[in-house]
Amino acid sequence: MTDRERQMISTYIPSPSDPELGFMDYYMMDSADRVIRVHVVSLSYIKDVPIYEVIRKRGMEYAGVFNAIGECGSMPGWYYMRALYDNKEDCRNNTHMMYDGWERLRELEKEETS
């Protein structure tokens with residue numbers, strides 16, 4: 001891992017991944033600035049950028065409006081990866097609200113520690 005990648009990890013994903021999250025489960029902020037648990041149910045692309053359809057973890061209800069940074073324009077329920085988090089505190093602090101590549105950094109971090 002390069003020094004630049006270490007710096008990006010400490011900036012964009014400062015907290016460890018939440019072990020309670022299941023496969024394709026994430027946290028995100030709802031329109032009332034509350035951290036909610038969501039589940040990704042579908043994947044699509046906008047100009048080669050992946051977008052994810054999410055539902056609230058508690059049922060088949062859409063997660064609601066995030067904000068202009070995370071939501072995909074006029075597609076309610078669809079979000080860029082920058083809106084999804086694998087740690088509640090990072091979500092609350094919006095640590096990677098402008099960076100979609102944070103999952104790759106998490107993989108590098110895991111490789112480094114194993």
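For the reader, a short list of remarks on this structure follows.
- Lys/Arg +1, Asp/Glu -1 at C-beta; the chain dipole; positive extreme among Tyr26, Ser44, Met75: Met75
- Under a model in which nothing but the beta-carbon of Lys, Arg (+1) and Asp, Glu (-1) is charged, the chain shows a dipole of about 260 debye around its Cα centre.
- Distance between modelled label sites at Ser17 and Asn93, nm, 7 Å Cα→Cβ extension: 1.9
- Looking at the range 1-56, the chymotrypsin sites (Phe, Trp or Tyr not before Pro) that sit in a DSSP loop and have at most 14 other Cβ atoms within 10 Å of their own Cβ are Phe23.
- Rounded to the nearest 10 degrees, the inclination of helix 102-113 to the longest alpha-carbon principal axis of the chain is 40 degrees.
- Model label zone, Val40; criterion: amide N under 17 Å from point 7 Å along Cα-to-beta-carbon; scope the range 6-27: 13, 17-27
- Inter-label distance for Lys47 and Asp25, nm, one decimal - labels placed 7 Å from Cα along Cα-to-Cβ: 3.5
- Remark: the range 9-18, residue by residue, has Karplus-estimated 3J(HN,Hα) of 4, 5, 7, 8, 9, x, 9, x, 4, 6 Hz, where x stands for each Gly or Pro and the curve is 6.51 cos²θ - 1.76 cosθ + 1.60 at θ = phi - 60°.
FYI, it's all coordinate maths here, none of it is from the lab. This structure is a prediction, so every number in the text was calculated from the model and none was measured. Note that we place each Cβ from the backbone using ideal geometry, even for glycine, and neighbour counts take in every protein chain shown.
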